[in-house]
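One structure is given below, encoded as structure tokens.
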Amino acid sequence: MILILDCDIASTLAKIGRLDLLKRVFSDSEIYITNSVYIELMSAKEAGFSFPEVIFNNIPVISMDNDDLKVFQDLSQNKFIHYGEVEGLCICKNKGAIFMTNDSKVVRFCEDAGIDVLDLKDFLILVG
């Protein structure tokens, strides 16, 4: 299974020092951030925050392929979804991955589009 994190989820877990929870709950999964999330985290790092480095050291980056780019053109038409999230959603849609976000608009979009999604509340329930 592949799990794609949005910036908010990755940042939240890194800030509290609990990225390990992801690997505990999803021990047999590949966990990634997208290029867009990486760029967003680089901005935070340049502003003096240290949590992005924790993410960079623990979560690899996944890139879109040509099939994902085709889906990107369609999904990016939705004005309520940020391009950074669209990148992750395209990868999830094409690869049957799960998208993890704390944005309720994105959760609703995923549910409507048939993309598997978890929000922070769902994740905390899995943590137990």
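Readers should treat all values here as calculations from the given coordinates under stated rules, not as data from a laboratory. A quick note: this is a predicted structure, and the numbers were derived from the prediction, not measured. Cβ atoms come from the backbone with ideal geometry, glycine included; neighbour counts cover every protein chain shown.
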Problem set entry | C-alpha long axis of helix 35-46 to longest principal axis of the chain, angle in ° | 40 degrees
Problem set entry | DSSP-assigned coil residues among chymotrypsin sites (Phe, Trp or Tyr not before Pro) in the range 37-73, each with at most 15 further Cβ atoms within 10 Å | 49
For this session: Return the loop-located trypsin sites (Lys or Arg not before Pro) in the range 39-128 (DSSP other than H, G, I, E, B) with at most 15 other Cβ atoms within 10 Å of their own Cβ; answer none if there are none.
Result: 79
For this session: Mind scanning 15/45; 45/105; 70/93 and naming the pairs with a C-alpha gap bigger than 18 Å?
Result: 45/105
Problem set entry | Cα centre as origin, Lys/Arg/Asp/Glu Cβ charges: the range 2-127 dipole, Debye | 260 debye
Exercise. Which whole-number percent is the relative contact order of the chain (Cα, under 8 Å, 6+ apart)?
Worked result: 30 percent
Exercise. Nearest-5 percent of antiparallel DSSP beta bridges in the chain?
Worked result: 0 percent
Exercise. For q = 0.12, 0.16, 0.19 Å⁻¹, what log10 I(q)/I(0) does the chain give under the Debye formula with an equal point scatterer on each alpha carbon and no solvent?
Worked result: -0.41, -0.74, -1.06
